[in-house]
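Note sheet for the following structure.
Where a number appears in this text, it was derived from the coordinates with a stated rule and is not lab data. Since the model is a prediction, treat every value here as computed from it, not as a measurement. Every residue, glycine as well, gets a Cβ built from its backbone with ideal geometry; the counts of neighbours run over all protein chains shown.
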């Protein structure tokens, strides 16, 4: 069985996070990713800490297994090499501001005319259209403007960005989905397509409950801390030795929880009998639950809840998550080879015919694959 994207070549002009996250997904699905970098400095993330022996662990985590060639797209000799790459490529990814590729002569219209099967994926802060298309953006800008920061954090406190860079990461995921859809379409009609993904759009797209609440009530939700605004009980609770999570997402699970806590009558109490009622009385219910959970350690409650089939879990730091037996069993912590070696997250897409090793090839040195790539192209 062949890995899903084996034999496909991706030319990756992107840097930092959204685009490289997309090309990393495609690489994990067995595409060949050729990273075209700026001469001398390369991808900005080569200078991002943490470092080991002068090499960036951040860069290695996003770019392992890719190849690197440094090209100046304003230089005629380098343009010749780039165009030879385009002639052999299936996908081109870029994350410049709109118009930059057009000025270089490599915009969608020009490339589609010359390479009609080429799929062109563009990710930017605000997309290729609209009044703000030329504005610069970073992850925090789109988290703020897209509404995510307004619902993140504790009520009454300053808004905060999420701990993961979801402004970039979600856009990279959507770009990968678009590329896969375009590849499927090309298999039918033979034509490449352009994919235009905006980081801001991607933030709006993940506001599932917030858009529903705002459109129905006319009032936008604020931050609710760890609590889900539409499901109760669905948050953190204090045990004798700290916090843990309970997510009783429907009436049947709540009845089980009530019985386990020694209060089966809660399931019939009009304040708690239905999810809407529990949401209206969430603070009271939390206090009542914690009267019970404060009498035993979190591990005890987690064991009892799991035995009853009630979703629960500990609040782990990143080191604990990386050592979690379930995470390890799913090969979600991998070693990036080379000197020095690094640790990175594995591929969450598990598929028949797709190797799922705990080892990954090293991230490329800047321009480190020039000779191999030129040889493949038949250029000196």
Mind pulling the angle between the C-alpha long axis of helix 208-217 and the longest principal axis of the chain? Nearest 10 degrees, somewhere in 0 to 90.
60 degrees
Tilt, helix 298-307 to longest principal axis of the chain (alpha-carbon atoms), in degrees rounded to tens, equals 90 degrees
First check a/c for the stretch 340-380, with a ≥ b ≥ c the square roots of the eigenvalues of its C-alpha gyration tensor; if it is under 1.5, answer rounded, and if not, answer prolate when a/b is larger than b/c or oblate otherwise.
oblate
Cα-based equivalent ellipsoid of the stretch 112-158: semi-axis lengths in Å, sorted from largest, via gyration tensor
35, 12, 7
Just checking my list [x] 4, 18, 21, 23, 21, 11, 2, 0; [y] 5, 22, 30, 25, 13, 4, 1, 0; [z] 5, 19, 26, 23, 15, 9, 3, 0, 0 against P(r) over Cα pairs in 10 Å bins from 0, in percent computed from this structure; which label fits?
[z]
Please pull out the direction-averaged projected area of the stretch 153-267, using the convex hull of its alpha-carbon atoms, in nm² to one decimal place.
11.8 nm²
Packing-ranked peptide list from 119-130, 306-317, 12-23, 333-344, highest mean Cβ count within 10 angstrom first, is 12-23, 119-130, 333-344, 306-317
Mean Cα-pair separation over length for the stretch 112-257, i.e. relative contact order, pairs under 8 Å, 6 or more apart, %:
27 percent
Residues of the stretch 256-276 with backbone nitrogen within less than 17 Å of a virtual label 7 Å along the Cα-to-Cβ line of residue 212, please, listed as ranges.
274-276
How would you order 224-232, 63-71 from highest to lowest mean count of nearby Cβ atoms within 10 Å?
63-71, 224-232
Work out, in µm²/s and without decimals, the Stokes-Einstein translational diffusion coefficient of the stretch 234-316 at 4 °C, 1.567 mPa s, Rh from Kirkwood over C-alpha pairs.
103 µm²/s
Computed over the chain: longest principal axis from alpha-carbon atoms vs helix 166-189 long axis, angle to nearest 10 degrees, is 60 degrees
With N denoting the number of residues in the stretch 213-360, provide Rg(C-alpha) divided by 2.2 N^0.38 Å, to two decimal places.
1.34
So for each of 38-50, 87-99 I average, over its residues, the number of other beta carbons within 10 Å; can you give me the resulting order with the highest mean first?
87-99, 38-50
In whole percent, what relative contact order does the stretch 156-208 give with Cα contacts below 8 Å and a gap of six or more residues?
45 percent
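How high is the relative contact order of the chain, in percent, with contacts defined as C-alpha pairs under 8 Å that are six or more residues apart?
Answer for the chain is 18 percent.
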Mean ellipticity per residue at 222 nm, deg cm²/dmol - from DSSP H runs of n ≥ 4 across the chain, formula -39500 (n - 2.57):
-11000 deg cm²/dmol
